[in-house]
Amino acid sequence: MPKPRASIFGDDDTTTLDVTSFAPKVGVDHKAPPAEQVKAISQAANFNSREPVTTKAAPKTTKRPRRQYRTGRNVQLSIKALAETVELFYAITDQQDWVLGFTLQRAMEALQRELRQQK
């Protein structure tokens, strides 16, 4: 027969945990060195700061209006592409007043024709 698990609060179930000594700190710690001194020492020791560094932000893309059509296409294709390629894809779609799936279908058909002609 397996041994019963030990209680995390001790063997006696009636023992209460005394937490009266735990309290938030009150006031300022006068023994702590000044912040400028800590910063100087850390910089001298080549300690990298954990503060966020502002960097050049990625180019903002414009939010496109949601496109929702009922076309019978029900398989999603998620790909990574260059921003210029995606913009061209949307530009062609908007110019022809097509849906995205139809633009992809036409592009695939054109690529197939081009590959057949190369053979």
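For this structure, a couple of remarks:
- Where labels lie 7 Å past Cα in the beta-carbon direction, separation of Lys56 and Ala91 in nm: 2.3 nm
- Of the residues Ile41, Val86, Met108, the one whose Cα sits farthest toward the positive end of the charge dipole of the chain, with +1 on the Cβ of Lys and Arg and -1 on the Cβ of Asp and Glu, is Met108.
- Accessible area of the chain divided out per residue, in Å², using a probe of 1.4 angstrom: 107 Å²
- Per atom type, the range 21-109 shows carbon and sulfur on 57% of its accessible surface, probed at 1.4 Å.
- With K and R counted +1 and D and E -1, the other residues having a Cβ less than 13 Å from that of Glu87 yield a net charge of -1.
- Peptide ranges 37-45, 103-111 listed from the most packed, as the mean C-beta count within 10 angstrom indicates: 103-111, 37-45
- Non-local Lys pairs in the chain, i.e. 8 or more apart or on different chains, that have alpha carbons under 30 Å apart: 7
- The chain - convex hull of the alpha-carbon atoms, volume per residue in Å³: 560 Å³
- Gained length - Val38 relative to Gln118, 0.36 nm times residue gap less alpha-carbon distance: 21.8 nm
- For the range 35-100, the calculated P(r) over all alpha carbon pairs, in 10 Å bins from 0 to the bin holding the longest distance, is 13, 29, 16, 11, 14, 12, 4 percent.
- On Cα atoms only, tilt of 100-118 relative to the major axis of the chain in degrees: 60 degrees
- Rounded to the nearest 10 degrees, the angle from helix 83-96 to the longest Cα principal axis of the chain is 50 degrees.
- Subtracting the Cα-Cα distance of Asp29 and Lys63 from 0.36 nm times their residue separation leaves 7.2 nm of extension gain.
The values are calculated or read from the model by the stated rules, or taken from the named source; none is laboratory data. Note that the structure is a prediction, hence the values are computed from the model and not measured. Methodologically, a virtual Cβ is constructed for each residue, glycine included, from the backbone with ideal geometry; neighbour enumeration extends over all protein chains shown. Please note that ligands, DNA and RNA were not included when accessible areas were found on the heavy atoms of the full protein model with its side chains. Shrake-Rupley method; radii C 1.70, N 1.55, O 1.52, S 1.80 Å.
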